[in-house]
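Asker: Before I ask anything, let me first share the structure, which is written out below as structure tokens.
The values are calculated or read from the model by the stated rules, or taken from the named source; none is laboratory data. Source: prediction; values computed, not measured. Here the Cβ positions follow ideal geometry from the backbone for every residue, glycine too, while neighbour counts run over all protein chains shown. Accessible surface areas use protein heavy atoms only, side chains included; no ligands, DNA or RNA. Shrake-Rupley method; radii C 1.70, N 1.55, O 1.52, S 1.80 Å.
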Amino acid sequence: MRRASLMGISLLYLLLFTGMMSEAHGQALPYSSVEVFGKKGEHSGEFNEPFAITVDSSGAIYVADARNHRVQKFDGTGKFLQQWGTQGDGLGQFEKPSGLVVDGQGAVYVADYDLDRIQKFDAQGNFLREWGANGKKPGQFSSPTGLSIDSENHIVVADMYNHRVQKFDAQGKHLSTWGSYHPISVFKSFFNFLFCQEAEGKFNYPARIAVDNADRIHVSDSYNNRVQVLSGQGEFEFQFGGVGSWGGRFRVTSGIAVDHAGRVFVADFYNNRIQIFDKEGSYLDQWGEPGDEPGQFNGPTDLAVGPEGNIYVVDWGNHRIQIFKLSKEVK
């Protein structure tokens with residue numbers, strides 16, 4: 001009897017999956033235009049596995065060019081402006097920069113993946129300070145990746161291999177730590193409506209962070225194939241996602257960003273697409289498929305929302321950035 005019920009649930013999911021995929025395939029794309037810049041290389045304006053992106057209030061674009069061990073800055077159209085950083089462990093150097101955020105004063109914070117530290121620069125790329133070291137204690141890291149910033153200018157960090165989130169002030173003083181390691185099985189992730197309270201506030205390689213206008217913290221809980229939403233004090237509020245390839249499901253969540261209306265944009269790494277959700281986590285829309293043409297992806301790792309509402313996506317495996325202008329108001 002129990003086996004028959006499970007088979008029935010599986011059949012229901014299969015039918016639901018087929019219907020959703022057919023419906024999504026016939027929908028109009030949610031963007032009106034796409035611009036692409038960058039290619040594989042080491043010269044200015046070229047990339048080698050770009051990994052993270054942020055956009056400041058003026059529309060300037062900052063890209064963590066991981067394998068070139070540098071940060072590159074562009075104008076809003078993708079025109080190269082400047083760069084800083086070289087490979088090494090000195091001040092202002094990097095070993096695979098993996099996360100970026102810009103504060104209200106124009107300071108740029110960079111997560112240094114292999115060196116387990118955060119570095120702070122001014123808008124011209126001049127080094128200001130650093131904090132962090134390898135370890136599990138408060139203020140230490142094991143491969144920091146995503147960065148975001150709240151209304152009080154606090155820096156929120158996805159401490160990926162420590163499976164936690166940490167918060168700091170703008171000078172690097174540790175304020176809070178939340179989370180611990182808890183992987184969710186593929187079975188439980190697929191049938192998450194039966195296990196809706198599984199591992200609330202715990203993580204399996206959290207990769208990215210986005211703080212919304214209400215200071216809620218959205219965590220890309222990558223290998224649990226979900227997004228968790230926490231209060232500004234780190235209290236669990238809700239989650240959405242689960243493993244799968246239809247709308248609202250993920251195959252490793254990566255980049256995450258929230259726009260002025262509270263809509264949540266999530267880079268779905270192995271499904272090679274971007275998904276859109278409302279502020280309660282309900283699925284709205286999606287775009288993307290595998291490939292190297294405009295609008296296609298090869299492992300999107302990060303994204304950002306610009307001041308005009310454009311969506312900037314790091315197309316990691318294609319060594320480029322794509323800029324999407326949304327064509328409709330997603331309700």
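Asker: What is the set of long-range amide H partners of VAL211 at a cut-off below 5 Å, with H atoms built 1.01 Å from backbone N?
Answerer: ILE149, HIS218
Asker: Quick check on the range 102-187: what are the equivalent-ellipsoid semi-axes from the Cα gyration tensor, as sqrt(5λ), descending, whole Å?
Answerer: 24, 13, 12
Asker: Based on the Cβ-Cβ distance of LYS325 and ASN134, what FRET efficiency does E = 1/(1 + (r/R0)^6) give at R0 = 45 Å, to the nearest 0.05?
Answerer: 0.65
Asker: How much accessible area does SER327 have with a 1.4 Å probe, in Å² rounded to the nearest 10?
Answerer: Rounded to the nearest 10, that gives 60 Å².
Asker: Same structure, new question: Is there a quick way to get the dipole size of the chain? I mean about its Cα centre, with the Cβ of Lys and Arg at +1 and of Asp and Glu at -1; what is the value in debye to the nearest 20?
Answerer: With only Lys, Arg, Asp and Glu charged at Cβ, the dipole is about 780 debye.
Asker: Please give, to one decimal in nm, the separation of the simple spin-label points placed at SER142 and THR77, each 7 Å out from Cα toward the Cβ.
Answerer: A separation of 4.7 nm, rounded to one decimal place.
Asker: Quick one: which residues, 5 or more positions from PHE47 or on another chain, have an amide H under 5 Å from its amide H? H modelled 1.01 Å from N in the peptide plane, none for Pro or chain starts.
Answerer: LYS39, LYS40, GLY41
Asker: Read phi for every residue in the range 157-171 and hand back ³J(HN,Hα) as whole Hz from Karplus 6.51 cos²θ - 1.76 cosθ + 1.60, θ = phi - 60°, with x for Gly and Pro.
Answerer: Result, ordered by residue: 10, 7, 8, 4, 7, 8, 6, 7, 10, 10, 10, 9, 7, 5, 9 Hz.
Asker: So how far apart, in nm, are the two label points at ARG251 and GLU200 if each is 7 Å from Cα heading toward Cβ?
Answerer: That separation, rounded to one decimal, is 3.1 nm.
Asker: Here's something else I'd like to know. When the Karplus curve 6.51 cos²θ - 1.76 cosθ + 1.60 is applied with θ = phi - 60°, which whole-Hz ³J(HN,Hα) does each residue of the range 82-96 get, with x for Gly and Pro?
Answerer: Computed from phi, the couplings for the range 82-96 are 6, 8, 8, x, 9, 6, x, 10, x, 5, x, 9, 9, 10, 6 Hz.
Asker: Starting from the Cα-Cα distance between ASP122 and SER151, subtract it from 0.36 nm times their residue separation and give me the gain in nm to one decimal.
Answerer: Stretched fully, the ASP122-SER151 segment lengthens by 8.5 nm.
Asker: A follow-up question, please. Here are several values of mean projected area of the Cα convex hull in nm²: (1) 14.5; (2) 15.7; (3) 17.8. Which one was derived from the coordinates shown?
Answerer: Answer by label: (2).
Asker: Using amide H atoms built 1.01 Å from N in the peptide plane, name the residues 5+ places from PHE141, or on other chains, whose amide H lies under 5 Å from its own.
Answerer: Long-range HN contacts for PHE141: ALA133, ASN134, GLY135.
Asker: A follow-up question, please. Would you check the accessible area of HIS260, probe 1.4 Å, heavy atoms only, in square angstrom rounded to 10?
Answerer: 150 Å²
Asker: Need one value: the accessible area of PHE51 in square angstrom, 1.4 angstrom probe, rounded to the nearest 10.
Answerer: Result for PHE51: roughly 60 Å² accessible.
Asker: Between their Cα atoms, which of LYS167/LYS279; LYS39/LYS167; LYS96/LYS202; LYS96/LYS137; LYS40/LYS202; LYS40/LYS120 are more than 31 Å away from each other?
Answerer: LYS39/LYS167; LYS40/LYS202, as the Cα separations exceed 31 Å there.
Asker: While we're looking at this one, here's another question. Leaving out ligands, DNA and RNA, and with a 1.4 Å probe, what % of the accessible surface on the chain is carbon or sulfur?
Answerer: 50 percent
Asker: As a check on your grasp of the helix formula, calculate [θ] at 222 nm for the chain: sum -39500 (n - 2.57) over DSSP H runs of n ≥ 4, divide by the residue count, round to the nearest 500.
Answerer: Here the helix-only value at 222 nm equals -3000 deg cm²/dmol.
Asker: Full-extension gain between GLU95 and ASN213, please, as 0.36 nm times their residue separation minus the C-alpha to C-alpha distance.
Answerer: Extra length from GLU95 to ASN213 when fully extended: 39.3 nm.
Asker: Moving on. Do you know the relative contact order of the chain, to the nearest whole percent, from alpha carbon pairs under 8 angstrom that are 6+ apart?
Answerer: Taking the mean separation of contacting Cα pairs over the length of the chain, I get 15 percent.
Asker: Just order 109-122, 80-93 by mean Cβ neighbour count inside 10 Å, highest at the front, would you?
Answerer: 109-122, 80-93
Asker: ³J(HN,Hα) across the range 172-177 via Karplus (A = 6.51, B = -1.76, C = 1.60, θ = phi - 60°), whole Hz, x for Gly/Pro?
Answerer: x, 6, 5, 10, 8, 9
Asker: Also: Keeping all protein chains in place and using 1.4 angstrom, which order do TYR31, TYR312, TYR181 fall into by accessible surface area, from largest down?
Answerer: Greatest to least solvent exposure: TYR181, TYR31, TYR312.
Asker: Also: Mind pulling the angle between the C-alpha long axis of helix 2-25 and the longest principal axis of the chain? Nearest 10 degrees, somewhere in 0 to 90.
Answerer: That helix lies at roughly 60 degrees to the long axis.
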